[in-house]
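**Student:** I'd like to ask some things about the structure below.
Every number in this text was worked out from the coordinates using simple rules, so none of it is lab data. Given the structure is predicted, the values throughout are model-derived calculations rather than measurements. All Cβ positions, even for glycine, are placed from backbone atoms using ideal geometry, and neighbour counts span all protein chains on display.
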Amino acid sequence: MEHKKIGAELQDSCDDQQKWVLDSSLDSRGRVPLRARTGAWKAALFIIAIEFSERLSYFGLATNLVVYLTTILHQDLKMAIRNVNYWSGVTTLMPLLGGFIADAYLGRYATVLVATTIYLMGLVLLTMSWFIPGLKPCHEDVCIEPRKAHEIAFFIAIYLISIGTGGHKPSLESFGADQFDDDHVEERKMKMSFFNWWNVSLCAGILTAVTAVVYIEDRVGWGVAGIILTVVMAISLIIFLIGKPFYRYRTPSGSPLTPILQVFVAAIAKRNLPYPSDPSLLHEVSKAEFTSSRLLCHTQHLKFLDKAAIIEDSNPLALEKQSPWRLVTLTKVEETKLIINVIPIWLSTLAFGICATQASTFFIKQAMTMDRHIAGFTLPPASMFTLTALTLIISLTLYEKVLVPLLRHITRNQRGINILQRIGTGMVFSLITMIIAALVEKQRLDRTNNNNKHMSVIWLAPQFMVIGFADAFTLVGLQEYFYHQVPDSMRSLGIAFYLSVIGAASFLNNLLITAIDTLAEDFSGKSWFGKDLNSSRLDRFYWFLAGVIAANICVFVIVAKRCPYKSVQPSQGSADSSMSLAVGVAVDGAQSALNTATTVHNSVVPQIKPQAKLGTFQNLLAGGIAGAFSKTCTAPLARLTILFQLQGMQSEGAVLSRPSLWREASRIINEEGYRAFWKGNLVTVVHRIPYTAVNFYAYEKYNQFFNSNPVVQSFIGNTSGNPIVHFVSGGLAGITAATATYPLDLVRTRLAAQRNAMYYQGIEHTFRTICREEGLLGLYKGLGATLLGVGPSLAINFAAYESMKSFWHSHRPHDSNLVVTLVSGGLAGAVSSTATYPLDLVRRRMQVEGAGGRARVYNTGLFGTFKHIFKSEGIRGLYRGILPEYYKVVPGVGIVFMTYEALRRLLTSLPN
């Protein structure tokens with residue numbers, strides 16, 4: 001063949017490697033492609049254009065489908081959700097068939113053309129069902145029940161779109177990725193960016209769909225929207241055809257299932273043969289003979305399948321006559337292993353898929369029942385999905401332009417983090433999404449049932465935005481993973497595997513709804529899914545999904561740790577001299593990458609002698625004394641800070657006087673005397689001793705746990721000195737200490753907030769008064785805001801302190817440790833205080849609210865308090881008192897770290 005002839009002549013020349021594309025692809029005339037004229041971004045842009053129009057059409061229908069079924073076809077909530085899930089499941093499982101046809105028979109380009117034609121047929125029929133009199137839903141303006149002809153036409157149309165999507169999605173995305181040569185350094189980097197920018201284009205289509213298209217459907221008419229979608233799809237098809245001369249094509253290689261079956265049959269037939277002593281003795285063709293794909297390296301897992309490549313008769317003539325069902329190549333064996341490897345990953349991401357399906361079903365239905373009036377404009381329910389699309393676009397752009405370059409420098413991994421780490425990060429965001437959704441839905445039910453008030457749809461914004469972050473990590477990660485980790489001849493099927501996660505999850509979601517509905521009725525006599533949301537308990541369903549996802553994350557970590565990666569033999573004549581190390585491995589193992597980064601770090605940064613371990617009592621003692629000493633030194637500034645924070649509760653924000661640190665200090669001296677600066681300091685010290693003791697002790701214990709935990713080490717590599725470990729340990733330690741000592745903190749705040757009128761007469765009296773007037777829970781008023789503030793604050797504090805201290809020691813190892821800890825602690829305190837000050841201010845105001853019989857200002861909880869302060873005092877109101885806070889925090893945090901470190905050294909030097 002011409003391809004083999006030219007390939008043999010060119011592979012020995014680096015210049016020709018740059019000129020020609022030797023990855024078995026062809027140009028539009030069936031010749032070896034010229035690199036300068038074909039492929040890369042010049043071809044990918046045509047492909048991305050048609051993806052934009054397809055997502056515009058799909059989400060213009062999918063996000064508003066539940067609205068159509070409940071308002072036009074008059075289905076109840078349960079039936080509508082089931083129909084949406086069935087259609088979504090079929091639509092996202094059809095790519096398995098479409099990808100198989102593309103890889104085996106038609107090729108990706110031809111499959112895209114056929115699928116787009118079927119897609120257009122569905123859009124045309126959907127549009128006709130609104131304009132042909134015999135297919136219209138109703139003849140009257142008020143439609144009680146739609147006509148059967150319209151229902152039939154509607155469902156035929158949307159399932160034609162499902163079939164079109166089944167061929168379109170896997171073929172188009174893999175066809176776009178085929179435009180980049182894995183054996184070329186620059187194009188390989190471009191391909192890493194391709195999936196991110198592919199999803200940016202995808203999100204642009206979604207964004208347009210859930211704003212403009214959805215608005216037209218709700219306000220103008222579904223028929224007009226159908227015309228627009230049909231015309232846009234037709235135009236994009238023409239654009240796709242214009243790009244034909246620039247594309248690189250791959251010839252279909254027959255059924256990808258046949259080689260897999262051959263491997264299993266041959267392995268079973270030779271199951272009694274011994275393994276060869278050297279893997280190089282297994283059957284493999286030469287690189288010159290193997291031009292349809294890339295040769296794979298031998299791996300040690302699933303060794304039973306290696307027997308399929310054992311040579312029984314080494315005679316060359318016998319090898320040529322050997323049946324492919326008796327002897328297969330090592331590469332075919334490794335390709336079969338790849339398919340087996342992706343199955344556990346596919347199964348362990350189904351829980352994420354169930355979470356993702358809620359965004360287009362229950363989330364949209366929630367929006368329908370809430371107040372959608374924003375600045376005089378009524379927002380279509382499906383337009384809430386705009387937040388998800390915007391978040392996805394922004395997060396992908398930041399990930400590509402900011403996070404990846406930063407992580408590359410840290411991990412020495414071309415991708416920044418490995419693909420499975422990216423997928424796992426998105427799963428954590430999906431867990432947060434379900435928790436937020438459950439809390440918001442419970443609040444909505446309480447307001448609706450108790451006060452008959454509709455909450456603003458803005459309350460749904462956090463869950464729509466966080467699911468966008470989840471999609472940016474997990475969905476894009478799944479695209480890359482399944483594309484790269486399947487055999488080269490099955491890449492359309494690889495994309496179909498990724499899509500089928502959402503499809504299978506849609507069916508599982510239906511099964512969960514049915515099973516939970518039945519169990520709830522059996523145990524409590526009341527269904528979680530009523531005829532409408534107000535008679536349902538969707539919050540409980542969200543909590544259930546949160547539990548499922550949390551358990552699934554644990555399973556995913558175990559599976560990802562054991563999952564091997566595709567390893568490709570380097571091609572000859574590679575343009576990059578280092579290609580032998582990385583050419584075929586589009587994804588690097590997380591462990592090796594992180595260990596490499598750690599090795600480099602340890603070779604540059606001088607090692608600091610680890611501190612001796614203290615006993616429990618000594619650790620608690622050091623932390624307690626450090627906290628008490630620090631608070632006593634900074635008590636005057638702490639008093640000023642609290643008074644400034646509470647100033648907005650004394651008068652309207654518009655007439656508040658400009659804060660003056662010295663004027664307030666002078667007032668205290670004149671009215672109350674110097675001792676007033678230490679008002680409430682006794683209770684501060686009583687609170688600070690156990691708080692700081694628990695804080696430092698818990699921090700040390702959390703650090704020990706993470707440093708000795710093999711699961712954590714497998715995920716982030718060497719945990720010693722890792723900023724992530726310090727960050728998480730500090731946050732957990734702060735939450736632990738704050739929860740344990742919160743009542744004392746509240747009493748301290750009440751005492752310090754008093755001016756001339758002394759409502760509380762000491763610590764014991766304050767405790768008794770609060771319990772009598774506000775109940776036992778009054779001692780925990782503002783705890784939510786406290787934990788939200790303390791967790792991030794302490795996380796930033798410890799991470800910044802440890803990083804600064806380590807940096808200082810590495811550059812100036814002979815400086816006084818007292819100076820290093822004092823300055824590092826002060827700077828860390830300033831950083832963390834700036835980030836979390838608004839939450840601390842809200843906490844103080846909620847703690848003082850209702851004290852001394854004064855009128856309540858905030859009655860709407862944490863978010864309501866934020867909103868009230870912002871509206872009445874502006875953004876500056878959230879940072880009221882930040883100046884004395886800095887004066888207090890910088891020396892205060894510096895002193896506490898310096899004292900703690902000094903006491904540690906003192907206590908470790910004493911005899912036991």
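**Student:** Run the numbers for THR616 and LYS270: contour at 0.36 nm per residue of separation, minus the present Cα-Cα distance, in nm.
**Tutor:** Details: separation 346, 0.36 × 346 = 124.56 nm, distance 6.15 nm.
Stretched fully, the THR616-LYS270 segment lengthens by 118.4 nm.
**Student:** Let me ask something else. What does the net charge come to around LYS631 if you take all other residues with beta carbon closer than 10 Å to its beta carbon, with K and R at +1 and D and E at -1?
**Tutor:** Charge balance near LYS631 sits at +3.
**Student:** A follow-up question, please. With +1 on each Lys and Arg Cβ and -1 on each Asp and Glu Cβ, how big is the dipole of region 77-185 about its Cα centre, in debye rounded to the nearest 20?
**Tutor:** Details: 7 positive and 10 negative charges, 123 e Å.
In total the dipole reaches around 600 debye.
**Student:** Sticking with this structure for a sec: Assuming R0 = 56 Å, can you tell me the calculated FRET efficiency for the pair ARG772 and ILE227, based on Cβ-Cβ distance, to the nearest 0.05?
**Tutor:** Details: r = 70 Å, r/R0 = 1.24.
The computed FRET efficiency comes out at 0.20.
**Student:** Label ALA212 and CYS554 with points 7 Å out from Cα along Cα→Cβ: what is the distance between them in nm?
**Tutor:** That separation, rounded to one decimal, is 4.8 nm.
**Student:** Then there's this: Computed over the Cα atoms, what is the radius of gyration of region 495-574 divided by 2.2 N^0.38 Å, N being its residue count? Kindly include the intermediate steps, with their values, before the conclusion.
**Tutor:** Values: Rg = 20.1 Å, N = 80, 2.2 N^0.38 = 11.6 Å.
Region 495-574 yields a ratio of 1.73.
**Student:** Longer than 32 Å from Cα to Cα, which of LYS19/LYS401; LYS365/LYS566; LYS136/LYS365; LYS270/LYS566; LYS148/LYS365 are they? Say none if no pair is.
**Tutor:** Working: LYS19/LYS401 29 Å; LYS365/LYS566 42 Å; LYS136/LYS365 25 Å; LYS270/LYS566 25 Å; LYS148/LYS365 25 Å.
Violating the 32 Å Cα-Cα cut-off are LYS365/LYS566.
**Student:** From the mean inverse distance of alpha carbon pairs (Kirkwood) and the Cα radius of gyration, derive Rg over Rh for region 384-451. Write down the numbers at each step before the final one.
**Tutor:** On the way: Rg = 17.3 Å, Rh = 14.5 Å.
Dividing the radius of gyration by the Kirkwood radius yields 1.19.
**Student:** Sequence-distant or interchain residues sharing an amide H contact under 5 Å with LEU296, placed H: which?
**Tutor:** The answer is THR331, GLN569.
**Student:** Going 7 Å from the Cα of ALA36 along its beta-carbon direction, which residues of region 158-195 have the amide nitrogen within less than 13 Å of the resulting point?
**Tutor:** From region 158-195, the list is empty.
**Student:** Compute from the Cα atoms of region 115-217 the Rg and the Dmax, the latter being the longest Cα-Cα distance, and quote both in angstrom.
**Tutor:** My reading of the Cα-based Rg and Dmax gives 19.4, 64 Å.
**Student:** Multiplying the sequence separation of SER280 and THR71 by 0.36 nm and subtracting their Cα-Cα distance, what value in nm do you get?
**Tutor:** Values: separation 209, 0.36 × 209 = 75.24 nm, distance 6.60 nm.
Full extension from SER280 to THR71 adds 68.6 nm.
**Student:** Separate question: In sequence order, what are the phi-derived ³J(HN,Hα) couplings for region 419-435 according to the Karplus relation 6.51 cos²θ - 1.76 cosθ + 1.60 with θ = phi - 60°, rounded to whole Hz, with x for glycine and proline?
**Tutor:** So the Karplus estimates, Gly and Pro as x, are 4, 5, 5, 5, 5, x, 4, x, 5, 5, 5, 5, 4, 4, 4, 5, 5 Hz.
**Student:** Please get the size of the charge dipole for region 204-275, origin at its Cα centre, with Cβ charges of +1 on Lys and Arg and -1 on Asp and Glu, quoted in debye to the nearest 20.
**Tutor:** 560
**Student:** In straight Cα distance, which lysines are under 24 Å from LYS867, not counting same-chain residues fewer than 8 positions off?
**Tutor:** Cα-Cα hits under 24 Å: LYS442, LYS453, LYS781.
**Student:** Once R0 is set to 45 Å, what does the formula 1/(1 + (r/R0)^6) return for the Cβ-Cβ distance between ALA149 and SER524, expressed as a FRET efficiency to the nearest 0.05? If you can, show how the numbers build up before the last one.
**Tutor:** Values: r = 42 Å, r/R0 = 0.93.
So, using R0 = 45 Å, E works out to roughly 0.60.
**Student:** Quick one: 3J(HN,Hα) in Hz for region 86-96, Karplus 6.51/-1.76/1.60 with θ = phi - 60°, rounded, Gly and Pro as x.
**Tutor:** Taking θ as phi minus 60°, the curve returns 4, 5, 4, x, 4, 4, 8, 9, 4, x, 4 Hz for region 86-96.
**Student:** Related question: Can you give the local net charge around ALA266? Use residues other than it whose beta-carbon is closer than 11 angstrom to its beta-carbon, Lys and Arg +1, Asp and Glu -1. If you can, show how the numbers build up before the last one.
**Tutor:** Details: positive: LYS270, ARG271, LYS307, ARG326, LYS332; negative: ASP306, GLU312.
Result for the neighbourhood of ALA266: +3.
**Student:** Across region 828-839, in residue order, what do the Karplus-derived ³J(HN,Hα) couplings come to in whole Hz, using 6.51 cos²θ - 1.76 cosθ + 1.60 with θ = phi - 60° and x for Gly and Pro?
**Tutor:** So the J values, rounded to whole Hz, are 4, x, 5, 5, 5, 5, 4, 6, 10, 4, x, 5.
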